[in-house]
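Q: I have a structure I would like to understand better, so I am pasting it below and will then ask my questions one at a time.
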Amino acid sequence: MKARYRISNIGVKLGFRVATLLVVLCGGYLIFEVGRLQANYSIVDAFLEKEALYGVIQELEDEVAAFERQLILLETERTLNQEAYTLVEADLEELRRKIQEQWEEIAFYRGILSPDGGQHGLRVKDLKLTKGNEDRHYNVRLVLMQGMHDRHVVGEVDLSLAGAQDGAAMTYKFKELLPVDGNSKWLFAFKYFQDFDRELVLPKGFKPEKVNIQVISKTKSVASVKESFDWFAGAG
């Protein structure tokens, strides 16, 4: 009888310990989720944002498929109608260009959803410089992203150009490179990525060599990052 009591008592104690462990685990998870909510993270929001990005990828892939069908039709037309060869060839080149652009966009969004090597923190995903419509004017396209999408990050961008001014080393701050009506504030706020288009005006006689970008995080536990890029030969 005593043996049965001891076995029963052991079972009760074991059940109590298991229940206690489950409570602790559940409590720990709830604390974890509360912390993520305080950091503006929501499982539902994250799921919906990911689904939206996957939707963009699907739309781009559908457009590529449509372009490729048009490509086949044009190639067939070019073969059958040699008189329209030149016009059809121009259309083919345009379609090939569009298909290439779409694949690049698809690769971009896939890179956002699956960062290379599981990298954490902020980083510059892309930087492009193109000539503007006026002399010494340039357009800057900057794309920022974070490796792990577990929180909303806010902060500001600080850009500067290093190079030579009349043969002497010189660095210009962002506010010194703006057009007359330019905004010197460059703020960001995102969870996955954010892209920007800004305009720069080079001072007369200045030859840029480096583009220095500092991404300053104002979100706790998300570190700031600084990167330097060569001035693109194609930018002038």
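The values are calculated or read from the model by the stated rules, or taken from the named source; none is laboratory data. Being a predicted model, the structure only gives us computed values, none of them experimental. Positions of Cβ are backbone-derived with ideal geometry, glycine not excepted, and every protein chain shown enters the neighbour counts.
Q: Would it be correct to say that S221 is surrounded by 17 or more Cβ atoms within 10 Å (Cβ to Cβ), more than 23 Å from F108 (Cβ to Cβ) and among the polar types (S, T, N, Q)? Outline the logic, then answer.
A: On the way: surrounded by 17 or more Cβ atoms within 10 Å (Cβ to Cβ): no; more than 23 Å from F108 (Cβ to Cβ): yes; among the polar types (S, T, N, Q): yes.
Criteria not met by S221.
Q: OK, next. If K175 satisfies all but one of (1) within 17 Å of W231 (Cβ to Cβ); (2) surrounded by 13 or more Cβ atoms within 10 Å (Cβ to Cβ), what's the number of the condition it fails?
A: Only one criterion is unmet by K175, namely (1).
Condition check ((1) touching a Pro at 6+ places or on another chain (Cβ under 7 Å); (2) buried (at least 16 other Cβ atoms within 10 Å of the Cβ); (3) modelled with pLDDT of 75 or more) across all residues:
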{"site": "V88", "(1), (2), (3)": "no, yes, no"}
{"site": "G111", "(1), (2), (3)": "no, no, no"}
{"site": "D126", "(1), (2), (3)": "no, no, yes"}
{"site": "H137", "(1), (2), (3)": "no, no, yes"}
{"site": "R141", "(1), (2), (3)": "no, no, yes"}
{"site": "H149", "(1), (2), (3)": "no, yes, no"}
{"site": "V157", "(1), (2), (3)": "no, yes, yes"}
{"site": "L161", "(1), (2), (3)": "yes, yes, yes"}
{"site": "A164", "(1), (2), (3)": "no, no, yes"}
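Q: Now, a different point. Among the listed residues S160, S217, S184, S221, which satisfies the condition of being at positive phi and in the same structural domain as T130 (by TED's automatic domain parsing)?
A: Unique residue meeting the criteria: S221.
Q: Return a yes/no flag: does segment 191-209 have any residue that is among the basic types (K, R), in a loop (DSSP other than H, G, I, E, B) and either within 21 Å of F108 (Cβ to Cβ) or without any contact (Cβ under 8 Å) to a residue 40 or more places away in the chain (or both).
A: yes
Q: Considering only residues of segment 128-167 that are assigned to a strand (DSSP E or B) and polar (S, T, N, Q), which is nearest to G111 (Cα to Cα)?
A: Q146
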